[in-house]
Amino acid sequence: MLRSIAIFILFALAVTVAWMLWHPVALPEPRALRAQDEEWRLPEDGKVDFAALAATIDKDKLWGTAGLAAAALAPVDEKPLTAPNWHIVGVVSAGDERYAMLSVDGQPIQQVKAGEKLPGDIKIVNMTADRVCILLNGKKRVLKTYKE
C-alpha cells in the first residue's frame with residue numbers, strides 16, 4: 001500500500017515536470033521606463049472652504065456638545081462607588097511600605113495600607129505613588145490620587 005502511494009506521487013511529480021517543460025509560462029516582454037516621457041509639474045492649488053468644513057464638524061457634533069447639564073450625563077439612580085464622607089488624600093512611602101492617607105469627615109487623617117479595609121467594607125488591594133487599587137463589590141477599581 002505504501003509503495004503504491006509512493007509510486008503514484010513520483011508519477012504525478014514526473015507528469016508535472018514534463019508539463020512545465022513542454023508548456024513554459026509566457027512572461028511579458030520587459031520595457032524600459034522613460035521618465036522623460038511624462039512632464040513633471042506641481043499639483044494644482046486647490047481652494048479649501050474652511051467655513052464649510054467647520055460647519056460640517058459642528059453639524060456632526062464630532063467632539064460632543066458643550067453646556068450639557070451634569071444630570072443629563074449620568075443616570076439619576078446611579079449610586080456613587082464609595083460613601084461620600086471620605087476620600088484618599090495621597091500615598092506615602094516609608095521604606096518598603098506604602099500607606100494611603102485617608103480623610104474622613106470630622107476625623108484626623110488616617111494611614112491605611114494594602115489589605116486593610118476602607119469605610120463601606122472596601123478592601124485595598126495595592127497602591128502605587130499615584131493610584132490606589134481597591135476591591136469594590138467583587139470588582140477591582142483604580143482610584144487616582146492626582147487629578148489629571
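Could you please give the count of residues in region 1-35 that are among the basic types (K, R) and modelled with pLDDT of 90 or more?
1
Please pick out the residue among T56, T65 that is more than 30 Å from I122 (Cβ to Cβ), modelled with pLDDT under 85 and not in a loop (DSSP other than H, G, I, E, B). Working first, answer last.
Values: T65 fails: not in a loop (DSSP other than H, G, I, E, B).
That would be T56, the only listed residue that is more than 30 Å from I122 (Cβ to Cβ), modelled with pLDDT under 85 and not in a loop (DSSP other than H, G, I, E, B).
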Note on region 111-148: residues part of a strand (DSSP E or B) and open to solvent by less than 70 Å² (accessible area, probe 1.4 Å) are V112, L118, I122, I124, V125, M127, V132, C133, I134, L135, L136, L143
Pairs under 7 Å by beta carbon, first residue under 19 Å from G120 (Cβ atoms) and open to solvent by 70 Å² or more (accessible area, probe 1.4 Å) in region 87-106, partner hydroxyl-bearing (S, T, Y) and in a strand (DSSP E or B), six or more apart or different chains?
-> H87/S103; V89/S103
In region 77-114, how many are modelled with pLDDT under 65 and either of a type in the set (S, T, Y) or more than 29 Å from the chain's Cα centre (by Cα) (or both)?
-> 4
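The values are calculated or read from the model by the stated rules, or taken from the named source; none is laboratory data. Owing to the predicted nature of the structure, the values given are computational and were not obtained by experimental measurement. Heads up, the Cβs are rebuilt from the backbone with ideal geometry, glycines too, and the neighbour counts pull from every protein chain shown. Areas reflect the complete protein model, heavy atoms only, side chains present, ligands, DNA and RNA absent. Shrake-Rupley method; radii C 1.70, N 1.55, O 1.52, S 1.80 Å.
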